[in-house]
Amino acid sequence: QVQLMESGGGLVQAGGSLRLSCAPSGSVNSRNIMGWYRQSPGKKRELVAVISSDGAVDVSDSVKGRFTISRENANNTVWLQMNNLNPEDTARYYCAAAPTIVALNNGYGLWGKGTLVTVSS
């Protein structure tokens, strides 16, 4: 079964940067919307950023201007560049892929196991 594999999480000081990467373990539909969600303890999972196969992007207001999502369709790889991180960004970040944004928001499609991002003050 194909899985999404995330990498790039870690511990960083406030104001620092991290770059998350996600790639599938096998073949997936390159027309999928791909994106990043995050969840911190006691909170619901929330959308961070998503990108369609033609490059259309939707970014959460909480990270707009600080985070950038990009993808390479040939390998179905997606990245999340995170700059000017603050402690409120601390969460487990999940990569996901599905045919529609509705499917993603409802938890359907392919999901990775997540990578932990911790921002210290």
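The values are calculated or read from the model by the stated rules, or taken from the named source; none is laboratory data. Note that this is a predicted model, so its numbers are computed, not measured. Every residue, glycine as well, gets a Cβ built from its backbone with ideal geometry; the counts of neighbours run over all protein chains shown. What goes into the accessible areas is simple: the full protein's heavy atoms, side chains included, and nothing from ligands, DNA or RNA. Shrake-Rupley method; radii C 1.70, N 1.55, O 1.52, S 1.80 Å.
Of all residues in region 19-33, those that are open to solvent by 30 Å² or more (accessible area, probe 1.4 Å) and over 19 Å from VAL2 (Cα atoms) total 1. Taking region 34-58 as the range and being on the phi < 0 side of the Ramachandran plot and either open to solvent by 30 Å² or more (accessible area, probe 1.4 Å) or modelled with pLDDT under 95 (or both) as the test, the residues that pass are GLN39, PRO41, LYS43, LYS44, ARG45, GLU46, LEU47, SER53, ASP54, ALA56, VAL57, ASP58. Filter region 103-119 for residues that are open to solvent by 40 Å² or more (accessible area, probe 1.4 Å) and either at pLDDT 95 or above or in a loop (DSSP other than H, G, I, E, B) (or both) and give the result. Of everything in region 103-119, those that are open to solvent by 40 Å² or more (accessible area, probe 1.4 Å) and either at pLDDT 95 or above or in a loop (DSSP other than H, G, I, E, B) (or both) turn out to be ASN106, TYR108, GLY109, LEU110, TRP111, LYS113, LEU116, THR118. Figure legend. Inter-residue proximity from region 55-82: first residues more than 19 Å from GLN13 (Cβ to Cβ), second residues among the aromatic types (Phe, Trp, Tyr) and open to solvent by 40 Å² or more (accessible area, probe 1.4 Å), beta-carbon distance below 8 Å, spacing 6+ or different chains. Indicated pairs: ILE69/TRP79; SER70/TRP79; ARG71/TRP79.
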